[in-house]
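**Q** One structure, pasted below without further comment.
No value in this document is a laboratory result; all are computed from the given coordinates. Predicted model, so just to flag it, every value in this text is computed and none were measured. Cβ: placed from backbone, ideal geometry, glycine included. Neighbour counts: every protein chain shown.
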Amino acid sequence: MIPVEFHLNYSQTQWIATRDDIRINAGSLDELDKQIKDYLHHKYKKGKFVVKMYFDFDRFPTWMRQYMPHYFNRELTYQL
C-alpha cells in the first residue's frame, strides 16, 4: 500500500486538501474524495493507496471550534 498524506482545511464554502505538489478544492467531502482519486489515477496510474488527511488546526474555522479537529481527520483506501 502506498501512503499519501494531505493537509485538510475548510475556507468559506470549500474543503481544501493540500500536499507538496497539489491543492484540491471541493464544495463537499464526497467531491474532494473523487478529485483525490482522480489525482492519484493521473499521477500513479495504478496501485493501492491509503490516503490520510489531517485537519490543519491553524486554519480551523471559528464556527467549527466546538468540535475537536481530529473529528475531521480522514483515512481512505483506493485500489486503482
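**Q** What ranking, highest mean first, results for peptides 49-57, 36-44 when packing means the other Cβ atoms within 10 Å averaged over each residue?
**A** Ranking the peptides 49-57, 36-44 by packing returns 49-57, 36-44.
**Q** Another question, then. Within 10 Å of each residue's Cβ, count the other Cβ atoms and sort L76, L32 from fewest upward.
**A** Listed from fewest to most nearby Cβ atoms, that is L76, L32.
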